[in-house]
1. Relative contact order for region 1-98: what is it in percent, counting Cα pairs under 8 Å that are at least 6 residues apart?
2. Below 17 Å, Cα to Cα, which lysines can K86 reach? Residues fewer than 8 away in the same chain don't count.
3. Determine the per residue accessible area of the chain with all protein chains present and a 1.4 angstrom probe, expressed in square angstrom.
4. Each residue of region 67-80 in order: what ³J(HN,Hα) in whole Hz does its phi give by Karplus 6.51 cos²θ - 1.76 cosθ + 1.60, θ = phi - 60°, with x for Gly and Pro?
5. How many percent of the accessible area of the chain is carbon or sulfur, using a 1.4 Å probe?
6. Could you tell me the center-to-center distance, by alpha carbons, between region 59-75 and region 1-44 in angstrom?
7. Taking the simple approach of a point 7 Å from Cα along Cα-to-Cβ for both E46 and D61, what is their distance in nm?
8. Can you give the charge dipole size of the chain about its Cα centre, rounded to the nearest 20 debye, using +1 on the beta carbon of Lys and Arg and -1 on the beta carbon of Asp and Glu?
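The values are calculated or read from the model by the stated rules, or taken from the named source; none is laboratory data. It should be emphasised that the depicted structure is a prediction, and the values quoted were computed from it without experimental measurement. Every residue, glycine among them, receives a Cβ derived from its backbone with ideal geometry; neighbour counts consider all protein chains shown. Just the protein is used for accessible areas: all its heavy atoms, side chains included, with ligands, DNA and RNA removed. Shrake-Rupley method; radii C 1.70, N 1.55, O 1.52, S 1.80 Å.
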Amino acid sequence: QVQLVESGGGLVQAGGSLRLSCAASGSIFSTSVMGWYRQVPGKERELVARITSGGGTNYVDSVKGRFIISRDNFKNTVALQMNSLKTEDTGVYYCSLQQFGRPYWGQGTQVTVSS
């Protein structure tokens, strides 16, 4: 089993920054992909950014140039540095880990960006 524990999040004004962190425990393999998704009421959960153990990254277009995802393979942690936040970045952010075709999720952390 894999468990994910998130920290960070909160309330910030537009233009500000926040950092989300996630620690994974359990059987983590080098083939795993870690990432962050977000969800707002009435919409599906969407990928924000993901990173492989080799450091390959993908970002949704709306956050490119503003968010940076990073990963520590020794500590099994993933972080999301969010800069120049916009009100549309508001949502619940979920840490995810996917390996062998199975997704694991954190409990979610609220990010609210005020205008």
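1. Once normalised by length, the contact order is 35 percent.
2. K64
3. Working: 6160 Å² over 115 residues.
Result: 54 Å² of accessible area for each residue.
4. The phi angles translate into 9, 10, 9, 9, 8, 10, 5, 6, 8, 6, 10, 9, 10, 10 Hz.
5. Values: 3080 of 6160 Å².
Accessible surface attributable to carbon and sulfur in the chain totals 50 percent.
6. Comparing the Cα centres of region 59-75 and region 1-44, I get a distance of 11 Å.
7. That separation, rounded to one decimal, is 1.1 nm.
8. For the chain, the charge dipole is close to 120 debye.
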